[in-house]
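Enquirer: Below you'll find the structure I mean.
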Amino acid sequence: MNMIYSMTGYGTATGASGKLAITVELKSVNNRFLDASVKLPRTYSFAEEPLKGLVQSRLGRGKVDVFVNIDASKDDDVVISLNEPVLRAYKAAFEKMAELGIQNDAKSTAYSRLPDVFITEKKQVDAEAFTADLLVVAGQALDAIMAMRSREGQRLADDLMKKLDELEQQRQFVLKRSPETVKEYRERLTQKMQEILGASGIDESRILTEAALYADKVAVDEELVRLDSHIHQFRDLLRDGGAVGRKLDFLIQELNREVNTIGSKCTDLDITRTVLDMKSGIEKIREQAQNLE
């Protein structure tokens, strides 16, 4: 059975690439589609697309913010090289001074003290190696956020199962109560005709016809059958797990459709109250289901 995931979660991990310390932090919230945003220092922007691709391969839906922090304080890989054009210019200047009668006694130590003779720079990052190391750390952060999303998803699924149980109990009440309303209507109709016409003037066939018309008008058998089917499908999706959010959205619309139809057909006060409770319960189901991936 596949696990079921919430779209809300947080995960972080730390690692290294050479002497660079890497921290990856992920935060996700509800969203209709997957929207991954990566924020990392400009120097390492070459790793943005591979990192975004990894996130998209692991998460199905949600707005995901990925924050990458690079600590280079321990990176002491420095490259020092001669600035040959500047050094040649200094040498030519000293030789020109000698032509003017000034003794040329410049040695290497003298040249080394002159400005811009040496170029000092950090060793260039190996983009391929760094990206590979970054993706390892990001994978660990994704493991953490998926674990949290899984725990939250299971909690939501358990809560939805309870709400579906309540909806099923309400459906059962309407199923039992609906035939009783027809019986009560027939009894009221018979009583009224007795009051108006007396016992001898009652047309039994007319009462049966009126009761049948009323029963047909308030019949919700088909809606209750479809409602039962939708509830079972909803439960099956929660048990099967995986990316079920969009399918649940559709089923919630169908649940609402059947309950609204039942409410429009039935005028019985007890059924009306139950329908209102059902609509309230379905709205709570919608709010919870919107958190699922």
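The values are calculated or read from the model by the stated rules, or taken from the named source; none is laboratory data. Nothing here was measured: the structure is a model prediction, and the numbers come from that model. With ideal geometry, Cβ positions are generated from the backbone for all residues, glycine too; neighbour counts draw on all protein chains shown.
Enquirer: Restricting attention to the range 97-114, which residues are assigned to a loop (DSSP other than H, G, I, E, B) and in contact (Cβ under 8 Å) with a residue 24 or more places away in the chain?
Expert: Of everything in the range 97-114, just one residue is assigned to a loop (DSSP other than H, G, I, E, B) and in contact (Cβ under 8 Å) with a residue 24 or more places away in the chain, namely Leu114.
Enquirer: Sticking with this structure for a sec: Kindly list the number of the only condition in (1) among the β-branched types (Val, Ile, Thr); (2) modelled with pLDDT under 80; (3) within 58 Å of the chain's Cα centre (by Cα) that fails for Thr109.
Expert: (3)
Enquirer: Where in the range 200-292 are there helices (runs of 4 or more DSSP H), lying wholly inside it, with at least 3 residues that are at positive phi, modelled with pLDDT of 95 or more and of a type in the set (D, E, K, R)?
Expert: It comes to none.
A quick yes/no check of all residues on (1) within 24 Å of the chain's Cα centre (by Cα); (2) within 30 Å of Asp240 (Cβ to Cβ):
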residue	(1), (2)
Val24	yes, no
Asn30	yes, yes
Pro41	no, no
Glu48	yes, no
Val66	yes, yes
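Enquirer: Which pairs have Cβ atoms under 9 Å, sit 6 or more apart or on different chains, and link a residue in the range 115-127 that is within 16 Å of Lys19 (Cβ to Cβ) to one that is at pLDDT 75 or above and in a strand (DSSP E or B)?
Expert: From the range 115-127, the pairs are Glu121/Ser81; Val125/Ser17; Val125/Leu20; Asp126/Ser17.
Enquirer: Name the single residue that is surrounded by the fewest Cβ atoms within 10 Å (Cβ to Cβ) among those in the range 142-163 being among the aliphatic types (A, V, I, L, M) and closer than 30 Å to Gly53 by Cα.
Expert: Per the criteria, the residue is Ala147.
Enquirer: Is it the case that Thr23 is surrounded by fewer than 16 Cβ atoms within 10 Å (Cβ to Cβ), touching a residue at least 12 places away in the same chain (Cβ under 8 Å) and over 19 Å from Val136 (Cβ atoms)?
Expert: no
Enquirer: Then there is this: Looking at the range 16-65 only, could you name the residues that are part of a loop (DSSP other than H, G, I, E, B) and of a type outside the set (Phe, Trp, Tyr)?
Expert: Within the range 16-65, Gly18, Lys19, Asn30, Asn31, Arg32, Leu40, Pro41, Leu59, Gly60, Arg61 qualify.
Enquirer: Could you pull out the residue among Gly60, Gly18 that is on the phi > 0 side of the Ramachandran plot and modelled with pLDDT under 95?
Expert: None of the other options fit; the residue is Gly18.
One line per residue, one yes/no per condition, for (1) surrounded by fewer than 16 Cβ atoms within 10 Å (Cβ to Cβ); (2) more than 27 Å from the chain's Cα centre (by Cα):
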site: Ile231; (1), (2): no, no
site: Asp236; (1), (2): yes, no
site: Gly245; (1), (2): no, no
site: Glu258; (1), (2): no, yes
site: Asp268; (1), (2): no, yes
site: Thr274; (1), (2): no, yes
site: Met278; (1), (2): no, no
site: Ile282; (1), (2): no, no
site: Arg286; (1), (2): yes, no
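Enquirer: Separate question: Output the residue which, of all residues in the range 91-141 that are of a type in the set (D, E, K, R) and touching a strand residue (DSSP E or B) at 6+ places or on another chain (Cβ under 7 Å), is surrounded by the most Cβ atoms within 10 Å (Cβ to Cβ).
Expert: Asp133
Enquirer: Anything in the range 9-22 that is touching a helix residue (DSSP H, G or I) at 6+ places or on another chain (Cβ under 6 Å) and β-branched (Val, Ile, Thr)? List them, or say none.
Expert: Result: Thr12, Ile22.
Enquirer: Does Glu166 satisfy the condition of being at pLDDT 95 or above, surrounded by fewer than 17 Cβ atoms within 10 Å (Cβ to Cβ) and on the phi < 0 side of the Ramachandran plot?
Expert: Answer is yes for this residue.
Enquirer: Read through the list (1) farther than 26 Å from Gly9 by Cα; (2) buried (at least 16 other Cβ atoms within 10 Å of the Cβ); (3) hydroxyl-bearing (Ser, Thr, Tyr), then give the number of the only condition that Ser28 fails.
Expert: Of everything listed in (1) farther than 26 Å from Gly9 by Cα; (2) buried (at least 16 other Cβ atoms within 10 Å of the Cβ); (3) hydroxyl-bearing (Ser, Thr, Tyr), Ser28 misses just condition (1).
Enquirer: Sticking with this one: Which one of these does Arg88 not meet: (1) at negative phi; (2) surrounded by 12 or more Cβ atoms within 10 Å (Cβ to Cβ)?
Expert: (2)
Enquirer: For the range 169-190, what are the residues that are aliphatic (A, V, I, L, M) and at pLDDT below 65?
Expert: Across the range 169-190, the qualifying residues are Val182, Leu189.
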